[in-house]
Amino acid sequence: MNSETLSRCPSDLIAFSLFLWSAQRRRHDTIAFDRIVTVLRRLTHRYDTVPAILSHLETIGCASLTNPVSQLVLLRIYSRAGMYAMLLEAYHHLQASYAFVPDTFARNLLMDALFRVGHSHLALTLTLSL
């Protein structure tokens with residue numbers, strides 16, 4: 001999916017769903033990632049929480065949420081957007097509701113977010129437990 005497709009999409013939920021779906025098949029370029037950050041910011045402003053966003057995605061038929069690649073892409077977008085509190089919320093919600101099994105990259109995103117929101121003691125505890 002390229003950035004032009006994202007910018008022409010009439011709905012943020014549809015654009016985000018398409019982005020997650022296409023992420024399973026190929027890597028996105030930097031411009032598309034930057035555009036989807038804007039989309040996710042609007043969705044976050046509209047729905048407030050990660051569970052609400054994911055619930056609305058499910059209502060439009062987004063089945064990508066169970067895919068580990070899509071789950072990791074969601075975390076990467078929150079990280080790129082600098083929305084670290086939302087990344088932490090997404091990380092825990094994906095584990096609780098979608099059987100998300102974090103890999104090393106996902107754990108690194110989690111530790112980075114913990115340091116950035118001022119919870120270095122939790123990040124260090126996580127590091128020691130690995």
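The values are calculated or read from the model by the stated rules, or taken from the named source; none is laboratory data. No experiment lies behind these values; they were computed from the predicted model shown. For neighbour counting, all protein chains shown are included, and Cβ atoms are generated from backbone atoms with ideal geometry for every residue, glycine included. Just so you know, the surface numbers come from the protein's heavy atoms only, side chains and all, with ligands and any DNA or RNA stripped out. Shrake-Rupley method; radii C 1.70, N 1.55, O 1.52, S 1.80 Å.
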Item to check | Relative contact order (%) - the chain, alpha-carbon pairs under 8 angstrom, separation at least six | outcome: 22
Checklist entry - So what J values fall out for segment 17-32 if you push phi through Karplus, 6.51 cos²θ - 1.76 cosθ + 1.60 with θ = phi - 60°, rounded to Hz, Gly and Pro as x? => result 4, 5, 4, 5, 5, 6, 5, 6, 9, 7, 7, 9, 7, 4, 5, 5
Checklist outcome for this item: Answer in debye to the nearest 20: the dipole magnitude of the chain about its Cα centre, from +1 Lys/Arg and -1 Asp/Glu charges placed on Cβ, is 220
Checklist entry - Which is farthest toward the positive dipole end of segment 57-130 among A113, S97, S70, measuring Cα position about the Cα centre, with Cβ charges +1 (Lys, Arg) and -1 (Asp, Glu)? => result A113
Item to check | Between helix 84-98 and the chain: long-axis angle, C-alpha atoms, 0 to 90°, nearest 10 | outcome: 80
Checklist entry - Hey, got the Cα dimensions of the chain along the principal axes, in Å, largest first? => result 45, 28, 27
Next on the checklist: Nearest 10 degrees is fine. How inclined is helix 120-129 to the longest principal axis of the chain, computing both from alpha carbons?
Outcome noted: 80
Item to check | Mean projected area (nm²) of the alpha-carbon convex hull when segment 91-130 is viewed from all directions | outcome: 2.8
Checklist outcome for this item: Helix 104-116 sits off the longest principal axis of the Cα atoms of the chain, rounded to the nearest 10 on a 0 to 90 degree scale, by 80
Checklist entry - Excluding ligands, DNA and RNA, what is the solvent-accessible area per residue of the chain at a probe of 1.4 Å, expressed in Å²? => result 53
Item to check | Length added when fully stretched, S97-H119, from 0.36 nm per residue minus Cα-Cα | outcome: 5.5 nm
Checklist outcome for this item: Taking protein heavy atoms only, a 1.4 Å probe, and rounding to whole percent, the accessible area of the chain owed to carbon and sulfur comes out at 56
